[in-house]
1. Name the single residue, out of those in the stretch 68-81 being farther than 22 Å from residue 9 by Cα and touching a strand residue (DSSP E or B) at 6+ places or on another chain (Cβ under 9 Å), that is surrounded by the most Cβ atoms within 10 Å (Cβ to Cβ).
2. Identify all residues within the stretch 26-51 that are outside any loop (DSSP other than H, G, I, E, B) and surrounded by 14 or more Cβ atoms within 10 Å (Cβ to Cβ); write none if there are none.
3. Among the residues that make up the stretch 60-71, is at least one of them within 18 Å of residue 5 (Cβ to Cβ) and either at pLDDT 85 or above or touching a helix residue (DSSP H, G or I) at 6+ places or on another chain (Cβ under 6 Å) (or both)?
4. Take the stretch 4-20 and flag every residue that is in contact with a helix residue (DSSP H, G or I) (Cβ under 6 Å, 6 or more places away or on another chain) and farther than 18 Å from residue 50 by Cβ.
5. For the stretch 1-25, name all the residues that are exposed (fewer than 10 other Cβ atoms within 10 Å of the Cβ) and either outside any helix (DSSP H, G or I) or touching a residue at least 24 places away in the same chain (Cβ under 8 Å) (or both).
């Protein structure tokens, strides 16, 4: 039985990661520069279209090479920072950068 991925499932997954992070004493992602950007921006619920067309909020602290970071890079989805962070390669690179 195949299961399709929906925006609701993506948000649930991201909330589960953020909640686990908080429960393990690793801080509240809501206090990070980007917060729970998949839930609300400026107090308004984020739509699917805003998510796939948006940039990661948080200003210069979340920019990449001085440019806003797209949530989804539609031209190269496999290189999207959002995907890479959730993929093994992204976690490996992140751990390496954090522990150096």
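The values are calculated or read from the model by the stated rules, or taken from the named source; none is laboratory data. Not measured: the values here are computed from a predicted model. Don't worry about glycine lacking a Cβ; one is built from the backbone with ideal geometry, like all the others, and counts go over all protein chains shown.
1. 69
2. Step one: of the stretch 26-51, the residues outside any loop (DSSP other than H, G, I, E, B) are 29-31, 40-41, 44-45, 48-51.
Hits for the stretch 26-51 are 29, 41, 50, 51.
3. Quick first cut of the stretch 60-71, residues within 18 Å of residue 5 (Cβ to Cβ) only: 71.
When the remaining residues are screened for being either at pLDDT 85 or above or touching a helix residue (DSSP H, G or I) at 6+ places or on another chain (Cβ under 6 Å) (or both), the result is 71.
The answer is yes; a qualifying residue exists.
4. First, pick out the residues of the stretch 4-20 that are in contact with a helix residue (DSSP H, G or I) (Cβ under 6 Å, 6 or more places away or on another chain): 7, 18.
Passing the criteria: only 18.
5. Taking the stretch 1-25 first, the residues exposed (fewer than 10 other Cβ atoms within 10 Å of the Cβ) are 1-5, 8, 23-25.
If the condition is that a residue be exposed (fewer than 10 other Cβ atoms within 10 Å of the Cβ) and either outside any helix (DSSP H, G or I) or touching a residue at least 24 places away in the same chain (Cβ under 8 Å) (or both), then 1, 2, 3, 4, 5, 24, 25 are the ones that fit.
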